[in-house]
Amino acid sequence: MNISTIAGAAALAAALVAGGLVAAQTAGPVKSLRGAEVTSTLPAEPVHQQQEGREARNYRQQPPIIPHSMDHYQIDKRTNQCLGCHDWTVAGERGAPTLSMTHYLDRDGNQLDTVAGTRWFCNQCHVPQANAPALVGNSFAPSNAPR
């Protein structure tokens with residue numbers, strides 16, 4: 001490359017930077033995505049408490065909703081505290097529902113004595129329920145609802 005090409009590229013870059021700085025200065029004050037001034041304090045959204053108790057299922061294969069709080073339950077790759085009550089070995093004495101036998105099948109359909117790794121993270125399918133407003137519209141009706 002010759003010196004005139006390098007000088008031309010440097011001049012173009014300097015002009016673009018200067019133009020960008022001018023545009024940024026004339027854009028006005030910083031606007032917040034939350035709809036308030038950056039320095040203002042907004043009240044916190046209300047905390048929706050989890051509903052306790054069992055809920056009816058809306059379709060045949062729906063995973064049951066968790067009817068109790070799991071705020072302090074540890075579920076990670078080494079520990080799953082749900083199994084302390086719901087594993088088939090202890091569910092009867094704890095008065096908790098036993099996991100479906102499908103949770104003890106591996107990917108090839110082989111029966112296992114422990115929960116399959118594919119079913120280890122309970123809250124992927126089973127979720128707590130809270131009486132909170134819907135985030136998006138929903139026209140779902142249960143399969144047994146009158147039409």
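The values are calculated or read from the model by the stated rules, or taken from the named source; none is laboratory data. These figures come from a predicted structure and were not determined experimentally. Quick reminder, even Gly has a Cβ in these numbers, built from the backbone with ideal geometry, and neighbours come from all protein chains shown.
Check the stretch 103-116 and report whether any residue there is at pLDDT below 90 and either surrounded by 15 or more Cβ atoms within 10 Å (Cβ to Cβ) or assigned to a strand (DSSP E or B) (or both). The answer is no; no qualifying residue exists.
State all residues of the stretch 125-147 that are closer than 25 Å to residue 100 by Cα and modelled with pLDDT of 90 or more; if no residue qualifies, say none.
The initial filter retains those residues of the stretch 125-147 that are closer than 25 Å to residue 100 by Cα, namely 125-130, 142-144.
Of everything in the stretch 125-147, those that are closer than 25 Å to residue 100 by Cα and modelled with pLDDT of 90 or more turn out to be 125, 126.
Of the listed requirements (1) surrounded by fewer than 12 Cβ atoms within 10 Å (Cβ to Cβ); (2) in contact with a strand residue (DSSP E or B) (Cβ under 8 Å, 6 or more places away or on another chain); (3) not in a loop (DSSP other than H, G, I, E, B), residue 48 misses just one: (3). Test residue 94 against the criterion of being touching a Cys at 6+ places or on another chain (Cβ under 8 Å), on the phi < 0 side of the Ramachandran plot and surrounded by fewer than 15 Cβ atoms within 10 Å (Cβ to Cβ), and give yes or no. Against the criterion (touching a Cys at 6+ places or on another chain (Cβ under 8 Å), on the phi < 0 side of the Ramachandran plot and surrounded by fewer than 15 Cβ atoms within 10 Å (Cβ to Cβ)), residue 94 qualifies.
Looking across the stretch 88-110, the residues that are under 28 Å from the mean Cα position of the chain (by Cα) and of a type in the set (D, E, K, R) come down to 106, 107. Within the stretch 1-11, does at least one residue satisfy the condition of being in a loop (DSSP other than H, G, I, E, B) and exposed (fewer than 10 other Cβ atoms within 10 Å of the Cβ)? Yes, some residue in the stretch 1-11 is in a loop (DSSP other than H, G, I, E, B) and exposed (fewer than 10 other Cβ atoms within 10 Å of the Cβ). Pairs meeting the criteria (first residue in the stretch 54-76 and farther than 23 Å from residue 145 by Cβ, second residue of a type in the set (Val, Ile, Thr), beta carbons under 7 Å, at least 6 apart or on different chains) are 66/127. There is no residue in the stretch 126-135 that is in the same structural domain as residue 67 (by TED's automatic domain parsing), under 22 Å from residue 89 (Cα atoms) and in contact with a Phe, Trp or Tyr (Cβ under 9 Å, 6 or more places away or on another chain). Of the residues making up the stretch 66-88, one or more are out of contact with any Cys (no Cβ under 7 Å at 6 or more places or on another chain), surrounded by 12 or more Cβ atoms within 10 Å (Cβ to Cβ), small (Gly, Ala, Ser) and part of a helix (DSSP H, G or I).
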